[in-house]
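The block underneath contains the structure these notes are about, expressed in structure tokens.
The values are calculated or read from the model by the stated rules, or taken from the named source; none is laboratory data. Predicted model, so just to flag it, every value in this text is computed and none were measured. Here the Cβ is made from the backbone with ideal geometry for all residues, glycine too, and neighbour counts use every protein chain on show. Calculation scope for accessible area: heavy atoms of the full protein, side chains included, ligands and nucleic acids excluded. Shrake-Rupley method; radii C 1.70, N 1.55, O 1.52, S 1.80 Å.
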Amino acid sequence: MTLSGQNGFAAGTNDVTSDLNAVIVRINAKLLQGQRTEKDLQDEIKEFDALYARYKTAKIEDVAPILSAKVGLYLQVLDDPEKAAEVFKQIKHDFPETGPRVDEILESLKQPIAVEKIRRTLVEGAKFPGFDETDLAGKPLSLASYQGKVVLIDFWATWCVPCRMELPNVLAAYEKYHAQGFEVIGINLDESRPMLDRFIQENKLTWPQFNDGKRWENKLAVKYGVMSVPTTYLLDGEGKIIGINLRGEALEAAVAKAVTKG
């Protein structure tokens with residue numbers, strides 16, 4: 001992914017545009033080299049601020065692309081909607097005429113900000129927050145009851161092609177390590193219960209599943225800030241996260257290591 005203004009650069013031919021495009025070129029060069037953290041790009045972020053301070057008294061149509069590019073960096077590259085919202089608040093403060101439109105954008109960013117705050121807590125080494133629900137068979141489904149087990153929390157859906165592609169790997173790991181204490185809990189985002197039941201039966205999925213038929217509003221998907229599937233968390237016997245979104249051989253290797261430790 002590269003950062004872009006209009007047609008790859010900010011539009012126009014004035015000094016603001018020329019200076020801004022130079023910053024964007026430097027950012028894209030870093031992105032192409034795999035430098036895409038805020039620390040990697042801190043100098044360019046400071047350049048956005050310096051440009052804005054230099055041209056703040058210019059016309060809004062001339063200076064707006066600077067803040068727009070900064071917003072794009074936070075949303076498209078750094079995946080930080082909270083800092084993007086801070087930039088929009090600055091726009092609203094400095095250009096009051098943009099108020100109503102900016103208010104709509106800030107409102108739309110509330111959910112991504114909340115989700116990102118949740119996701120920041122779900123890192124390797126952190127304790128995975130528990131839940132107490134009922135599975136598809138009507139039985140209690142509590143993470144606390146899996147104490148001492150290695151558990152894969154698998155957010156998935158039957159309509160998700162990558163989920164279907166990864167399923168054989170999950171099945172293989174389950175069949176190989178279940179007797180040694182490996183468990184899987186499926187958090188399914190399907191709306192159709194009959195379709196889900198048929199899929200589970202056809203693919204011989206024997207582990208418990210939670211589904212409330214609400215798709216992306218699935219209770220547990222919302223709780224854990226899940227915005228895409230498949231999303232998985234591998235937990236050790238103490239309920240701590242030891243792997244996130246592991247696939248294929250990486251999943252099997254992590255499970256093998258974890259059950260051996262257990």
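Does the range 242-251 contain any residue that is touching a strand residue (DSSP E or B) at 6+ places or on another chain (Cβ under 8 Å), within 21 Å of Pro140 (Cα to Cα) and part of a loop (DSSP other than H, G, I, E, B)? Checked the range 242-251: no residue is touching a strand residue (DSSP E or B) at 6+ places or on another chain (Cβ under 8 Å), within 21 Å of Pro140 (Cα to Cα) and part of a loop (DSSP other than H, G, I, E, B).
Being out of contact with any Leu (no Cβ under 7 Å at 6 or more places or on another chain), open to solvent by 10 Å² or more (accessible area, probe 1.4 Å) and not hydroxyl-bearing (Ser, Thr, Tyr) is a description that applies to Pro162.
The set of residues from the range 39-73 being in contact (Cβ under 8 Å) with a residue 24 or more places away in the chain, among the aliphatic types (A, V, I, L, M), in a helix (DSSP H, G or I) and open to solvent by 20 Å² or more (accessible area, probe 1.4 Å) comprises Ile60, Ala64.
Out of the residues in the range 249-262 that are open to solvent by 20 Å² or more (accessible area, probe 1.4 Å) and either on the phi > 0 side of the Ramachandran plot or not basic (Lys, Arg) (or both), which is modelled with the lowest pLDDT? Going through the qualifying residues, I end up with Gly262.
Annotation: Gly34 fulfils all but one of (1) within 26 Å of the chain's Cα centre (by Cα); (2) without any contact (Cβ under 8 Å) to a residue 24 or more places away in the chain; (3) assigned to a helix (DSSP H, G or I); the unmet one is (3). Scanning the range 109-150 for residues that are out of contact with any helix residue (DSSP H, G or I) (no Cβ under 8 Å at 6 or more places or on another chain), in contact (Cβ under 8 Å) with a residue 24 or more places away in the chain and assigned to a loop (DSSP other than H, G, I, E, B) yields Leu122, Val123, Glu124, Gly125, Ala126, Asp135, Ala137, Lys139, Gln147, Gly148, Lys149.
Within the option set Glu97, Glu175, being modelled with pLDDT under 90, part of a helix (DSSP H, G or I), farther than 25 Å from Met227 by Cα and open to solvent by 70 Å² or more (accessible area, probe 1.4 Å) holds for one residue only, Glu97. Tell me, yes or no, whether the range 83-91 has at least one residue that is open to solvent by 50 Å² or more (accessible area, probe 1.4 Å), at pLDDT 90 or above and within 21 Å of the chain's Cα centre (by Cα). Looking for residues that are open to solvent by 50 Å² or more (accessible area, probe 1.4 Å), at pLDDT 90 or above and within 21 Å of the chain's Cα centre (by Cα), one finds at least one in the range 83-91, hence yes. Residue-level check: of (1) modelled with pLDDT of 95 or more; (2) under 23 Å from the mean Cα position of the chain (by Cα); (3) surrounded by fewer than 13 Cβ atoms within 10 Å (Cβ to Cβ), Glu238 misses just (2). crowded, with 20+ Cβ neighbours inside 10 Å, under 24 Å from Gly125 (Cα atoms) and at pLDDT below 95: is that true of Val226 in this structure? When the stated conditions are applied, Val226 passes them. So which residues in the range 109-124 are open to solvent by 100 Å² or more (accessible area, probe 1.4 Å) and at pLDDT below 90? Across the range 109-124, the qualifying residues are Lys110, Gln111, Lys117, Arg120. When Ile153 is tested against (1) open to solvent by 20 Å² or more (accessible area, probe 1.4 Å); (2) assigned to a strand (DSSP E or B); (3) not aromatic (Phe, Trp, Tyr), just one condition goes unmet, and that condition is (1). Just to be sure I understand, how many residues within the range 41-67 are among the polar types (S, T, N, Q) and at pLDDT 90 or above? The qualifying residues number 1.
Scanning the range 193-223 for residues that are surrounded by 12 or more Cβ atoms within 10 Å (Cβ to Cβ), more than 19 Å from the chain's Cα centre (by Cα) and part of a helix (DSSP H, G or I) gives Arg193, Met195, Leu196, Asp197, Arg198, Phe199, Ile200.
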